[in-house]
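The next block holds one structure in the form of structure tokens; read it before the comments.
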Amino acid sequence: MKRIVLIGLVIIALIQGVCAQGTDKNDIRKTMQEYATALKTSGNKGGLLFVYPKVFGLANKQEVLQRMDNKKETSKHLIFERIIVTHISETMVVDGVKYVLVNYQDEHSHSLAQPQQVKNADNIAAALAATHTASKNPQAKKMILASNRQAYAVKELTYKGWKLVERNAAMKDILQKVLPQQVLKLP
């Protein structure tokens, strides 16, 4: 009888764990959509509200904003469109803090309304080809550039909701200081 009760408790614990993972992923998708809305309405300054606050202990908001804006000169002609979450890793808990790695794609558009803009669009696509894919939509008179990116999502009781920190070369030094080493190894 004790064995049946123990097996039942283990099954309940597993079900609760799976449900919690699903809730985390739904919350992260919602956070990424709110992040996209902030970027679309307020640019990278709006995105600062979603940055993991421990980052600001190492770099002030202006420095973080500069790193977020750290794009090639050609990107000034791009308009942010949307974020599409493509994968969310399993949740890792370290010292009571939840971490996940979010793979997502962000899309920017470039107007093709005038002949000069068509020529500029090809230059932009060529300059960003290493990390972007370009698809022209002649009917909409714009080109969409999609970039595959990653961010760590962090949930601490101290902060409301999930907070983000980009996983990229410009943030490498900060990531090593604000995230546990095992989290940095998330696939």
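The values are calculated or read from the model by the stated rules, or taken from the named source; none is laboratory data. Because the structure is a prediction, the values reported are computed rather than measured. Quick reminder, even Gly has a Cβ in these numbers, built from the backbone with ideal geometry, and neighbours come from all protein chains shown. These accessible areas exclude ligands, DNA and RNA; they are computed on the full protein's heavy atoms, side chains included. Shrake-Rupley method; radii C 1.70, N 1.55, O 1.52, S 1.80 Å.
Between LEU101, LEU39, LEU49, LEU58, which is modelled with pLDDT of 85 or more, open to solvent by less than 40 Å² (accessible area, probe 1.4 Å) and either touching a Leu at 6+ places or on another chain (Cβ under 6 Å) or more than 26 Å from MET143 (Cα to Cα) (or both)? Exactly one of LEU101, LEU39, LEU49, LEU58 is modelled with pLDDT of 85 or more, open to solvent by less than 40 Å² (accessible area, probe 1.4 Å) and either touching a Leu at 6+ places or on another chain (Cβ under 6 Å) or more than 26 Å from MET143 (Cα to Cα) (or both), namely LEU101.
Tell me yes or no: at least one residue of the stretch 117-129 is touching a helix residue (DSSP H, G or I) at 6+ places or on another chain (Cβ under 9 Å) and at pLDDT 90 or above. Scanning the stretch 117-129 turns up no residue that is touching a helix residue (DSSP H, G or I) at 6+ places or on another chain (Cβ under 9 Å) and at pLDDT 90 or above.
For the stretch 68-94, filtered to residues that are at pLDDT below 85 and either in contact with a strand residue (DSSP E or B) (Cβ under 7 Å, 6 or more places away or on another chain) or open to solvent by less than 70 Å² (accessible area, probe 1.4 Å) (or both), the residue that is farthest from SER111 (Cα to Cα) is MET68.
If you check SER111 against the conditions, is it open to solvent by less than 10 Å² (accessible area, probe 1.4 Å) and modelled with pLDDT under 95? For SER111, the condition - open to solvent by less than 10 Å² (accessible area, probe 1.4 Å) and modelled with pLDDT under 95 - is not met. Within the stretch 169-183, the set of residues being touching a residue at least 24 places away in the same chain (Cβ under 8 Å) and closer than 15 Å to VAL51 by Cβ comprises ALA170, MET171, ILE174, LYS177, VAL178, LEU179.
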